[in-house]
Every structure is written in structure tokens, then in C-alpha cells.
Amino acid sequence: MMEKKFVALCVLLAMLCACATTALAAQEYCIPDPRIYFGVEANESGVKTDEQWMTIKFETQEECNRAFREYADLLMEGRFGFRVVTNDGDRVLLDCSGSIRKIEDLKSKGNYVVKLTNFSEYGAAIQINVSLDVALEDTGDRLDMAYRTVAPKNSGNTGSSGSSSDQDCSWCGGSGNCRNCGGSGREYNWLSGTREYVNQNCRDCSSTGRCSWCRGSGKQ
């Protein structure tokens, strides 16, 4: 009799473990869709190997700072399951415990799945980089005071081929070249634990040499 109870207990424990494993594997990470949260279509957007990115522009630098701070606070409050890797004021990196794709970044060693960057001083915009394994959803988060955003000039334009404005890009000054590497696609960084510089792919333009803001068009 005791043997049968022991076997039944083992079966029950195995079933519970299986259910827990299945639930963990099926866990979905998501963030509030920036387009829904900010109430405007992205001015620019694109998809890379392991991530999607978009920029949202605002009418003023102050409004951009407010939007960045409030959206970052929303993601960092804990209910979306992320932990803060870096928070240096104008850049927030978030990671999670799930086995999902990380965003490739040489400087940050690919240790995050969401990156928020505040470009309030360079065009009053926020850039959001998100792992393709993190869903963008309408989480129902809204603010009483709407953001003063700048809608894209051409509805439906993703900006992946560059902006259509006639104004020079405020980030690269109209050159179309990456500000970090000057268009070479390469940069020198300290090799950890040594006093040596190493020549690496530029982290800002992913070695393309093109401005990450206007995608090389030189236009706003």
C-alpha cells in the first residue's frame, strides 16, 4: 500500500514539474507598443537580425525628456519581468531571465533585450530597440496628459530607407556618415583587462558607416 502511494506521489510530482516547465517555456515577454503608448506612428523604424527598432519624435526637448522618463519608468517598475542592466540618464538597457535572443551590441556585449535612448538634444526623439522575441502589445497603459508628438510626414513610411524630409539630419549634419566612426564602420575600444586598443565594428552603425538616425540619407 505504501509503495503504491509512493509511486502515485512520484507521478504527481513529475506532472507538476512538467506543467511548470511548460509554463516557463511559454512565458511571453512584452512591452507596451511605443506607437500605441505615445499615440503616434513611428517616424522611422526597421528590423535587423535580432531586433526591431523605431524612433518617436516630439515637439520639444522638454516633452521628449518627459516621455523618455515616463516610458522608462513604466518598463522598470517590474511587472513586465525585466531587470535594469544600465540606467545612465539618457540610455536604459533591460534584460530578462528568459532564454530569448539578446540584442547584439559590441560595447554592451549583447546582454540586454530592450534599449531606450533619449535623443532629446538631437532632434527631440526617443529610439527603442527591442529583441524580436519581445512582443509589442497594447497593455492598456495610458496617460491623462497626451504627449506632443510629431507625426511622420508620409503615413506608412517606415523610414528604413531614410527620411523623406528636405532638412539636413540634425544628428550627422547632413553628411549621412555615422558620428561615432565618421563613416569608416570601425572604432577603437579598450580591450578589457589590458592597456591596448582594439579595432572593432562600430557599435552605433553596426559597421555600415551610415548615420543611425537618417540611415545614411543625410536628411531629417
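Quick note: the coordinates plus some simple rules give every number you see, no bench work behind them. As the structure is a prediction and not an experimental result, all values here were calculated from the model. Counting neighbours? That spans all protein chains shown, and the Cβs are built from the backbone with ideal geometry, glycine included.
With a Förster radius of 35 Å applied to the beta-carbon distance between ALA146 and TYR122, the computed FRET efficiency rounds to 0.90. If R0 is 35 Å, the Cβ-Cβ spacing of GLU28 and VAL85 corresponds to a FRET efficiency of close to 0.95.
Distance between the modelled labels on GLN200 and GLU70, one decimal in nanometres: 3.6 nm (7 Å Cα→Cβ projection). Annotation: extensible slack from ASN111 through SER175 equals 19.9 nm (criterion: 0.36 nm per residue apart, minus Cα-Cα distance). Among 76-89, 117-130, 49-62, sorting by the average number of other beta carbon atoms lying within 10 angstrom of each residue, highest first, gives 117-130, 49-62, 76-89.
Fully extending the segment from GLN167 to THR49 would add 39.5 nm, taking 0.36 nm per residue of separation and subtracting the current Cα-Cα distance.
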